[in-house]
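This report refers to the structure that appears directly beneath it.
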Amino acid sequence: MIKIYLPVKPKAVQSTRFSKHHCYASKDVVAWKKEILFHLKSNVDWLDKPVYPTGPIGLVIEYCFALPKKPSKDQKNLIAENLPVFKDSRPDNDNLTKGLKDCMSGIIYGDDCQVVFTVLTKVYTEKDGINIRVISDVRQLNALHESFYGGWDEH
C-alpha cells in the first residue's frame, strides 16, 4: 500500500470543453493538474514507469477542505468529540476524482481502468489537502470488497 498526501486544495474538474474548432481545458485546471503531478512525482522514487503498471488497484481518497470560518453548532460538536466533519456540499465526488485519477495514470498506475475499487470522502479539516491510499494487494482488495458488499444475496 502506498500512502500519499497532496498539499493541494481539492478541485472539481469538468470534462474537456469543446469549442467550434478545438477542445481545451481552462487555465486554472491546467495549473492545478501541474501542481498535482509535481506532488505525485515527488512521492514516487522512480519516474520512468508507473508504480503499478498492471493489475487491479483500489483507491481510498479523502478530500480535505479547510473548515469554514464560522462552523455550525453541529460541526463544533463533532470537532469537540474528535469526529470527522463531513462536507455535504459542492463540489461532488465524481468531478473531484476525474482530474485526480487522470493525473495518477502513468505515475501510480498504468491506466485508470485498473482502478476496481474506490472509497471517497469529503471532510473539513484544518487545511486543504488530499490523502490517498493506493492498494494493490489482491487480499486487501478482497477484504475491502467483503467489508462493503459481504452478505448481499445478489450480484
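Within the range 13-51, work out how many residues are part of a strand (DSSP E or B) and either at pLDDT 85 or above or exposed (fewer than 11 other Cβ atoms within 10 Å of the Cβ) (or both).
2
Could you count how many residues in the range 52-83 are over 15 Å from the mean Cα position of the chain (by Cα), within 30 Å of N142 (Cβ to Cβ) and surrounded by 15 or more Cβ atoms within 10 Å (Cβ to Cβ)?
Selection size over the range 52-83: 2.
Count, please, the residues in the range 108-121 that happen to be in contact with a helix residue (DSSP H, G or I) (Cβ under 7 Å, 6 or more places away or on another chain) and over 30 Å from S89 (Cβ atoms).
0
Considering every residue within the range 113-135, establish whether at least one is part of a loop (DSSP other than H, G, I, E, B), surrounded by 11 or more Cβ atoms within 10 Å (Cβ to Cβ) and not charged (D, E, K, R).
For the range 113-135, residues part of a loop (DSSP other than H, G, I, E, B), surrounded by 11 or more Cβ atoms within 10 Å (Cβ to Cβ) and not charged (D, E, K, R): absent.
Sort through K98, K76 and tell me the only one that's in contact with a Ser or Thr (Cβ under 9 Å, 6 or more places away or on another chain), in a helix (DSSP H, G or I), basic (K, R) and at negative phi.
Sole residue among the options that is in contact with a Ser or Thr (Cβ under 9 Å, 6 or more places away or on another chain), in a helix (DSSP H, G or I), basic (K, R) and at negative phi: K98.
For the range 1-12, name all the residues that are surrounded by 11 or more Cβ atoms within 10 Å (Cβ to Cβ), modelled with pLDDT of 90 or more and in contact with a strand residue (DSSP E or B) (Cβ under 8 Å, 6 or more places away or on another chain).
I4, Y5, L6, P7, V8, K9, P10, listed by residue number.
The values are calculated or read from the model by the stated rules, or taken from the named source; none is laboratory data. Everything numeric in this text was worked out from a predicted model, so none of it was measured. With ideal geometry, Cβ positions are generated from the backbone for all residues, glycine too; neighbour counts draw on all protein chains shown.
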